[in-house]
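The values are calculated or read from the model by the stated rules, or taken from the named source; none is laboratory data. Not measured: the values here are computed from a predicted model. Methodologically, a virtual Cβ is constructed for each residue, glycine included, from the backbone with ideal geometry; neighbour enumeration extends over all protein chains shown. Surface accessibility is based on the protein's heavy atoms, side chains included, excluding ligands, DNA and RNA. Shrake-Rupley method; radii C 1.70, N 1.55, O 1.52, S 1.80 Å.
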Amino acid sequence: PPPPAFTPPDGWWKDAVFYEVFVRSYKDSGNDGVGDLRGLTQKLDYLNDGDPATTTDLGVDAIWLMPVFASPSYHGYDTTDYDTVEPDYGNAEDFRTFIVEAHKRGIKVIVDLVLNHTSSQHPWFRGAASNVSDAKRDWYVWSPTDLGWGQPWNPGQDTWYPTGTGYYYGVFWSGMPDLNWKNPAVAAELDRVAALWLDRGVDGFRLDAVRYLVEDGGGQQADRPGTHAALKAFAAGVRAHKPRATLVGEAWADTLTISDYYGDTTAVPGGDELPLLFDFPLADAMVQGVTAGSADGIDAVLRDVVRTYPAGATDAPFLTNHDQRRIASQVGAEPGKLELAAALLLTMPGAPFIYYGEEIGLQNGPGGNDEAKRTPMPWDGTAGGGFSTAAPWYDFAPGQATTNVAAQLKDAGSLLSRYRQLIRVRQGSLALRRGALGPLTSGSSALLAFTRTAGGETVLVVHNLSGAAATTAALAVPGATATPLYAGAGATLTGGAGAWTATLPARASGIWKIQ
């Protein structure tokens, strides 16, 4: 008979609040202007000190490291060696120490793994490009002619690039040649890489650009059946090697497309493809809703998720990430809007992700380039920002003298304090961590109302996205008493016997346990 279906242990990631870190910009221990792993290790107590009785740490459960593999670029998304730590960040021993110290504090660690492509400077590609008979020639995608495929998101940009031995395919740009996932040797090598880092202590991977692994003829470049098959096989290998490891995928697409990347949730609880997927439509809706003062877009996306995602799937909500303008720049750095955004994120179903600096209202640096989205973390208001005694690799974002960790740690009304409070409220409630979402009709475009329910616990959440006080229609939530878990000043809930009315001041939120 066939072996029984693999059933992984209950996923820790379903309860986790994640924190995205760009190591280059977090903390410089060597005072060369570049953040490093030793510096990040020094700041772990800020993220979680390991003592649940304290409230001075942020309280996150897991860290996502943007790429830490050897790379010729500042961002690391074009690796030249999957086995080696980027020398700017340290060495293997520094990474081991970081993992040990993170785990001491109960912090899980996932690392960015780019499966779609390597750097054009990778030894594999250099050999493949120089000789059609090279052993790794078929590790990349080749054509004798330019096939004229545009990028899926930018049809005017070609994706075939010439060498003396033919044209190679790179969906992002010439410096990132795509790996050939139709070649079993490529899949086997990336399985080996994953096992290596799992053995080094990581708790899973963030998988970059998962929609583009496999290309088919005629310019069919995204969301191909071969891509789903490759991801299912990769995920099975990760589960087999380390059953408690997780994967989170970047499928930047609409809700329906994202839902396909969970795979079969009956074969493997949570999905036999990817157990976590970033919710880009929800992120856009939350930022736009906070900006415009309307809940309608958020409500529509949440209802789409409930309708579309497979049973048992775990969402991965976020506000912004390293590829987007920071939310503080999008909403004008208004404290009320930033506090509202924090409350929205940390009451959403799934495993929320916070981009470093978001918790203090960090803005973009000058310009529209990607570096401006990834500026150094301002730890204090000094000239070096507590980041480094040397000139930082990139300038601080505007407002560093006042928008910094030290200033907000001392202020009970700061955005940082609000994040710490909301994270602890979430961690203290099974319904907020794992509960099913029940959208409610609020009776107003200004108000977003829903329930979260798990294990016999029901929590009612109401957000006022507008700049004026607002009151809900009667909300039908079974229960006779309401206990506030978190309520903005002036937020009230009245009623009982299964009919509740919430009144919230401008941009306020309320979270009540209904019994």
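Summary of values
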| item | result |
| --- | --- |
| Protection-proxy order for peptides 166-176, 64-74, 344-354, each taking the mean of Cβ atoms within 10 Å per residue, highest first | 344-354, 64-74, 166-176 |
| Radius of gyration and Dmax over the Cα atoms of the stretch 102-178, both given in Å | 16.3, 54 |
| Modelled FRET efficiency - R0 35 Å, D411 with N31, Cβ distances, 0.05 increments | 0.75 |
| Degrees separating the helix 92-104 axis from the principal Cα axis of the chain, which is the longest one | 20 |
| Gap separating the Cα centres of the stretch 159-203 and the stretch 266-315, nearest whole Å | 29 |
| Distant-in-sequence amide H partners of I63 (H built 1.01 Å from N, under 5 Å) | Y19, K108, V109, I110 |
| Whole-percent carbon and sulfur share, accessible surface of the chain, 1.4 Å | 53 |
| Paramagnetic label zone (point 7 Å from Cα along Cα-to-C-beta, A468; backbone N under 20 Å) in the stretch 324-366 | 336-337 |
| Solvent-accessible area per residue for the stretch 296-416 (1.4 angstrom probe, square angstrom) | 33 |
| For the stretch 347-352, Karplus couplings with θ = phi - 60° (6.51, -1.76, 1.60), whole Hz, Gly/Pro x | 10, 6, x, x, 10, x |
| Cα-projected label distance for R192 with D10, points at 7 Å along beta-carbon direction, nm | 3.9 |
| Debye log10 I(q)/I(0) for the chain, one point scatterer per Cα, at q = 0.11 Å⁻¹ | -0.97 |
| Other-chain or far-sequence residues with amide H under 5 Å of R374's (modelled H) | G365 |
| FRET efficiency estimate (nearest 0.05) - Cβ-Cβ, L256 to T481, R0 35 angstrom | 0.30 |
| With eigenvalues of the C-alpha gyration tensor scaled by 5 and rooted, the stretch 53-107, Å | 27, 13, 8 |
| Label-point separation, T163 to H241 (7 Å along Cα→Cβ), nm | 2.6 |
| A300 versus D199: modelled label distance in nm, points set 7 Å from Cα along the beta carbon direction | 5.1 |
| Contact order relative to length of the chain, as percent, for alpha carbon pairs under 8 angstrom and 6 or more apart | 12 |
